[in-house]
Amino acid sequence: SFAALSVWERERGRLRVLVNVGDLAADEEEFPDAEAYPVHQFPEITEFLHERWAGGGEPDAWVETAEGPVERAGYCHQRVAALRRRGRGCCVVAPVVLHGRAWGELYVARPAGAPVFGRADADFATVLASVVAAGIAQTERLEEVRRLAFTDALTGLANRRAVDIRLDEAIARHRDDGAVVSLVVCDLNGLKRVNDTLGHAAGDRLLERFGSVLSLCGAMLPGALSGRLGGDEFCLLALGPTADDVVRVGGEVCVRAGDLGLGDGVACGIASTGDPIGEVTSARRLFRLADAAQYKAKALRAAKPVVAGRDGGLDDPVVRLADSPPQPAGEGERRRIRGLEPDA
């Protein structure tokens, strides 16, 4: 008439109930927020179970009854006491084992007066616990696949795919309710020099260290996403904070990048719908604006961010650059567009 699934949280030394189903007692909830029990109240999960499987055996479920002794082996037997307190007559406890370790337990019970569980019931519960464990393992594998699909392996930041998805979502939100979307694009200066003179291991350390700087600064903006776009290009995506807050954090990124000891700081460009950059209806437009500002910052060797739309409003050269239609260009023109040479 009742079943529960609990997880053993080793670091907290407790058995935490994830879900209760069936005929619930007055002190039970279907999805409890805080139903947990110190593991020392259930020593079998940490003591004899491990001894029992140490030789390679499988963990078997067992039956408890409300008629069992409350005092056993020198401790108060909480399972028996709980059965009596909640009007239940018997239960089966089936360990859930994942990767050779106790993950938690499946617990099923019958009301007082119902037939007592037998050995066949306990064996069936053992099989059910194995099915639960297989489902949990599959979920963990899927979560790991998802993590790898959206995470940069070197820095642990979001990768380009994750940034593109989040940016599309943010622009959709901006179109719906006008929420401010800001994008900070950073290009790490001097990575090639570090790779050529100190080796690629040193270059990787520089990328990792800057990734940590970006993550730390991104934490100053609630909900911001820190990402590595590829190579030496990184970004911060913020939805909600004001443009001024984002520019302030971008300045902090530049300061901290200059203090890394490796490389030559960072070129930082920012575009925000909170600034006068015209209508932004696509993720591509906001990205082009931020990227163009970053190229300008690199050309100027700017020690602070270049912000699209500021100082010149809609006449700002960064905005004009992003608004200009694509046209075939020679190498000199391409270099001017990238900000490597001044306009004639």
If you scan the stretch 85-121, which residues turn out to be in a strand (DSSP E or B), touching a residue at least 60 places away in the same chain (Cβ under 8 Å) and under 30 Å from Glu11 (Cα atoms)? Val96, Ala102, Trp103, Gly104, Glu105, Leu106, Tyr107, Val108, Ala109
If you go through the stretch 101-156, how many residues are open to solvent by 30 Å² or more (accessible area, probe 1.4 Å), among the charged types (D, E, K, R) and within 30 Å of Cys235 (Cβ to Cβ)? 6
Consider Val318 against the criteria (1) in a helix (DSSP H, G or I); (2) free of Cβ contacts under 8 Å to residues at least 12 places away in the same chain; (3) closer than 28 Å to Arg173 by Cβ: it satisfies all of them except one. Which criterion is unmet? (2)
Please verify whether Arg334 is basic (Lys, Arg), at pLDDT below 90 and outside any helix (DSSP H, G or I), treating the condition exactly as stated. no
Just to be sure I understand the filter: pairs with C-beta atoms under 9 Å, separated by 6 or more residues or on different chains, first member in the stretch 233-244 and more than 11 Å from Ile270 (Cβ to Cβ) and among the charged types (D, E, K, R), second member part of a helix (DSSP H, G or I) and open to solvent by less than 50 Å² (accessible area, probe 1.4 Å). Which pairs pass? Glu233/Asp291; Glu233/Gln294
Tell me, yes or no, whether the stretch 160-180 has at least one residue that is closer than 29 Å to Leu98 by Cα, under 12 Å from the mean Cα position of the chain (by Cα) and in contact (Cβ under 8 Å) with a residue 60 or more places away in the chain. no
Could you list, in sequence order, the residues of the stretch 262-312 that are among the charged types (D, E, K, R) and over 14 Å from Cys186 (Cα atoms)? Asp275, Glu279, Arg284, Arg285, Arg310, Asp311
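The values are calculated or read from the model by the stated rules, or taken from the named source; none is laboratory data. It should be emphasised that the depicted structure is a prediction, and the values quoted were computed from it without experimental measurement. Reconstructed Cβ throughout: ideal geometry from the backbone, glycine too, with neighbour counts over all protein chains shown. When the accessible area is computed, the model is the full protein with side chains, heavy atoms only, and any ligands, DNA or RNA have been set aside. Shrake-Rupley method; radii C 1.70, N 1.55, O 1.52, S 1.80 Å.
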